[in-house]
Structure formats: structure tokens, C-alpha cells
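The structure under discussion appears below in the form of C-alpha cells.
Only the coordinates and a few stated rules stand behind these numbers; no lab work does. As the structure is a prediction and not an experimental result, all values here were calculated from the model. Backbone-built Cβ (ideal geometry, glycine too); neighbour counts: all protein chains shown.
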Amino acid sequence: MNIDLNELNKKYNLELEKVISEIKKNKFKLVLLQFPDGLKPYATAVVDFLRKKTKTEFLIWIGSCYGACDTPTGIEKIKPKIDFVVQFGHNDLMPSY
């Protein structure tokens, strides 16, 4: 599947530049990305894009993600230590008025 990340980012506003900025600013070495089921098919394309921009290593959480409260459990046991967790979603958190 050929994925146009620019179109995907426009459709879902993944804020990839913000993710890149945080990774670089904090010099994170290992980042865990969590996607809802509808975005999981794009996960490797997002990782490829972020890896090129940051030279950081990424893990993709393949377990459930039903919202911001559904954080991965047991990640503190992963070695090397995960420095940063990014949750992606389909919808805006708050409506604009």
C-alpha cells in the first residue's frame, strides 16, 4: 500500500511535526507509538517518516487503544527504557466554538 503521509496528516492532523519537535528537544532514544485500530494500517509509514526525521527508534503498540485513558500496561518492564509514549487518535479532543 502506497501511503501519502501528507494527505493522512491533513485528514487526521497527527501533528507529526510536534512529535518530531518533542523527540528532538528531549533527545528521546526510544519512543512507543499507540494507534487506534483505524490508524494501525498506517503505523509503519508513520514510523518510517519519524525515523528519517529524528534517527530515533520506535515501537508500535499493537494492543488496544480506545482513547487517552487506554495507556499500555507493563511498558516499564521493557528494556531499554521507553522515553516517550505518543497516542494517536481519530478525533479532536475538544470541539471548536
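Just a few scattered comments:
- Listed pairs Lys24/Lys79; Lys11/Lys53; Lys11/Lys77; Lys11/Lys52 exceeding 31 Å between Cα atoms: Lys11/Lys77
- Nearest-0.05 FRET efficiency for Thr44 and Lys79, computed from C-beta distance (R0 35 Å): 0.95
- Between Asn26 and Ile60, the FRET efficiency from the beta-carbon distance, with R0 = 22 Å, is close to 0.65.
- Annotation: amide H of Ile60 within the under-5 Å range of Leu33, sequence separation 5 or more or interchain, hydrogens built in the peptide plane.
- Anisotropy class of segment 5-87 from Cα gyration tensor, a/c 1.5 cut: oblate
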